[in-house]
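First the structure, in the form of structure tokens, and then the observations on it.
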């Protein structure tokens with residue numbers, strides 16, 4: 001009884017003491033690094049592709065550390081939702097796995113100054129790896145035709161002659177191929193199907209879309225696909241390369257050689273791709289050259305754009321967007337994202353092009 | 001009961017009475033209001049989906065009904081499979097706890113089963129992918145090899161074990177605690193006189209349970225199953241993580257193509273949905289609402305029609 005009477009307040013006091021002291025420790029740490037000389041202040045709202053969410057969080061942390069007066073929010077609401085919100089004026093910039101359609105460009109942008117338009121700037125390159133898990137096979141060579149046949153269900157066994165022809169040295173089992181695709185709508189699927197549609201046009205007749213068009217095994221999210229391939233038998237799948245972990249990745253046939261994905265090769269194909277024709281000169285929407293025959297390039301990549309106004313209705317917001325996207329597309333920003341999200345940094349040439357467009361944003 | 005009596009005799013209402021009766025009124029009204037608000041929201045948001053442009057639907061579907069059909073099928077199919085697996089086990093556990101186990105063990109076991117109910121569904125999902133699916137996959141292979149002639153077991157077998165059958169097992173584990181808990185309470189309510197009478201007439205313990213406990217508990221078992229079914233119908237995350245979905249009506253249990261469920265489909269596609277796509281997903285949510293309502297009404301009818309024979313009166 002006595003213990004209860006005095007014990008309880010004592011416990012509360014100790015707990016409170018601990019809680020308060022830990023609070024104080026936190027507070028001490030925060031203002032330590034506000035040596036920023038930045039004069040920027042304000043709040044920036046963006047929304048869009050969930051693929052670049054991890055990178056955006058890293059960029060936001062980096063930018064806000066250097067500019068303590070700025071608050072940036074990025075909502076990973078999906079590419080389509082992000083573009084819609086930007087066009088309606090709800091956000092200051094959008095992140096998108098695909099560039100704006102002609103239709104969207106023809107309309108008006110609520111955040112932008114009257115009569116000014118918005119532009120697409122490639123800021124995020126993520127190679128997509130073809131991952132596999134087959135007993136006794138460590139290396140796998142693939143070409144687009146064979147890959148398209150596997151994922152559309154035309155090739156069903158690992159010892160199919162098309163695969164054997166590409167991998168004469170491998171001991172391929174006579175087992176069923178389990179091809180895993182994303183069960184949720186995703187920009188990764190869109191870029192993967194776009195690659196197959198371009199590079200294997202005879203086999204893959206479906207148009208590129210967020211939804212995987214054929215059957216086979218489906219799994220939720222990049223992590224779901226990686227888990228399925230890891231835990232299953234005789235599996236093949238596609239996933240953002242940064243998440244492939246310890247799984248083996250296939251080499252893709254480019255020209256006459258088989259190319260493994262590397263950040264450099266992924267950045268190279270983006271740099272080597274022409275701009276989409278018939279758009280404004282400062283719109284850097286890329287017509288990704290998936291049919292490349294240059295073995296220095298890895299054609300299976302996902303490119304995400306930052307969509308910003310040419311001229312903002314509110315010049316102060318324009319300043320902020322300009323500073324933020326300049327940081328994203330800078331060498332420093334790309335390095336931050338490479339560490340945090342495994343993106344392939346932009347080539348210096350592309351960085352310069354993006355910077356040149358941003359210089360005109362106001 | 002005459003009107004005259006009602007008007008002349010009026011009980012004095014104490015503050016406690018008034019507060020309590022209005023509190024219950026508010027509580028009762030609140031649940032109706034919330035339900036109505038959800039229904040109206042779903043209905044209003046769904047309208048654009050019914051007249052949506054064929055191009056707005058993903059895949060080959062061109063109208064809402066062909067889009068939602070396989071989803072409704074998958075939802076009911078997986079939930080019923082789960083129920084078939086869970087109910088016998090739950091009744092067994094409940095009977096063990098209420099009539100067979102030593103008192104101390106029964107209490108501990110009861111706590112353990114209740115603990116299962118507190119596990120988040122994401123954990124069940126992770127367990128489904130990481131442990132259960134790889135574990136049952138070889139078993140599925142054999143099943144397809146030996147019993148492939150039986151349509152639900154037809155191949156090709158899934159290489160990962162992430163099939164609707166695995167989902168049903170996960171769902172069964174998830175609904176087990178709620179069914180067990182209610183059954184246990186119901187079985188404990190069996191009038192002791194009935195049980196003793198049965199034993200006195202020379203019934204064995206199993207016969208006593210069959211004659212006294214189960215008939216008495218039947219309405220309770222049914223309503224417990226319906227509560228479990230409701231949870232299985234609406235389960236989202238575990239299904240989304242474990243199932244390898246497709247867009248068709250598929251009866252096979254062990255292939256990597258399975259009909260998706262409504263809730264899992266919404267979870268999978270909502271993050272990237274925009275425009276009419278959001279309305280379409282919400283309209284499938286409305287369908288789930290309707291399906292659940294129908295299932296509950298059916299359960300009510302069954303319980304009411306069985307009450308007369310249950311021996312509870």
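Which number in (1) assigned to a helix (DSSP H, G or I); (2) out of contact with any strand residue (DSSP E or B) (no Cβ under 9 Å at 6 or more places or on another chain); (3) surrounded by 19 or more Cβ atoms within 10 Å (Cβ to Cβ) marks the one condition that residue B:161 misses? Among (1) assigned to a helix (DSSP H, G or I); (2) out of contact with any strand residue (DSSP E or B) (no Cβ under 9 Å at 6 or more places or on another chain); (3) surrounded by 19 or more Cβ atoms within 10 Å (Cβ to Cβ), the lone unmet condition for residue B:161 is (1). Inspection of segment A:93-105 identifies no residue that is farther than 21 Å from residue A:187 by Cα and either under 16 Å from the mean Cα position of the chain (by Cα) or surrounded by fewer than 24 Cβ atoms within 10 Å (Cβ to Cβ) (or both).
Which one of A:97, A:135, A:92 is within 14 Å of chain B (Cβ to nearest Cβ), over 27 Å from residue A:211 (Cα atoms) and touching a residue at least 24 places away in the same chain (Cβ under 8 Å)?
Numbers: A:97 fails: over 27 Å from residue A:211 (Cα atoms); A:92 fails: within 14 Å of chain B (Cβ to nearest Cβ).
Of the residues listed, the single one that is within 14 Å of chain B (Cβ to nearest Cβ), over 27 Å from residue A:211 (Cα atoms) and touching a residue at least 24 places away in the same chain (Cβ under 8 Å) is A:135.
Residue A:144 versus (1) closer than 26 Å to residue A:324 by Cβ; (2) within 28 Å of the chain's Cα centre (by Cα); (3) more than 12 Å from chain B (Cβ to nearest Cβ): which is the lone unmet condition? Single failed check for residue A:144: (1). Among the criteria (1) within 30 Å of residue B:141 (Cα to Cα); (2) modelled with pLDDT under 85; (3) more than 10 Å from every other protein chain (Cβ to nearest Cβ), the one residue A:222 does not fulfil is (2).
Please go through segment B:187-205 and pick out each residue that is more than 28 Å from the chain's Cα centre (by Cα) and either part of a helix (DSSP H, G or I) or surrounded by 17 or more Cβ atoms within 10 Å (Cβ to Cβ) (or both).
B:192, B:193, B:194, B:195, B:196, B:197, B:198, B:199, B:200, B:205
Just a yes or no: is a residue in segment A:167-184 out of contact with any helix residue (DSSP H, G or I) (no Cβ under 9 Å at 6 or more places or on another chain), free of Cβ contacts under 8 Å to residues at least 40 places away in the same chain and part of a helix (DSSP H, G or I)?
Taking every residue of segment A:167-184 in turn, none turns out to be out of contact with any helix residue (DSSP H, G or I) (no Cβ under 9 Å at 6 or more places or on another chain), free of Cβ contacts under 8 Å to residues at least 40 places away in the same chain and part of a helix (DSSP H, G or I).
Restricting attention to segment A:186-209, the residues being without any contact (Cβ under 8 Å) to a residue 60 or more places away in the chain, within 14 Å of chain B (Cβ to nearest Cβ) and either surrounded by 22 or more Cβ atoms within 10 Å (Cβ to Cβ) or within 27 Å of residue B:266 (Cα to Cα) (or both) number 6. On inspection, residue A:114 passes the criterion of being touching a residue at least 12 places away in the same chain (Cβ under 8 Å), assigned to a loop (DSSP other than H, G, I, E, B) and either more than 24 Å from residue A:259 (Cα to Cα) or touching a strand residue (DSSP E or B) at 6+ places or on another chain (Cβ under 8 Å) (or both).
Consider segment A:62-86. How many of its residues are touching a residue at least 24 places away in the same chain (Cβ under 8 Å) and in a helix (DSSP H, G or I)? Give the derivation first.
If we filter segment A:62-86 for residues that are touching a residue at least 24 places away in the same chain (Cβ under 8 Å), which is where we start, we get A:62-63, A:65-79, A:81-83, A:85-86.
Filter once more, so that each one left must be in a helix (DSSP H, G or I): A:62-63, A:65-66, A:79, A:81-83, A:85-86.
Here the count works out to 10.
Condition test on residue B:250, is it over 30 Å from residue A:96 (Cα atoms), modelled with pLDDT under 90 and within 14 Å of chain A (Cβ to nearest Cβ)? In short, yes. For residue A:183, only one of the following conditions fails: (1) modelled with pLDDT under 90; (2) more than 14 Å from residue A:250 (Cβ to Cβ); (3) surrounded by fewer than 24 Cβ atoms within 10 Å (Cβ to Cβ). What is its number? That leaves (3) as the condition not met.
The values are calculated or read from the model by the stated rules, or taken from the named source; none is laboratory data. Values in this document were obtained by computation on a predicted structure and should not be read as measured data. Methodologically, a virtual Cβ is constructed for each residue, glycine included, from the backbone with ideal geometry; neighbour enumeration extends over all protein chains shown.
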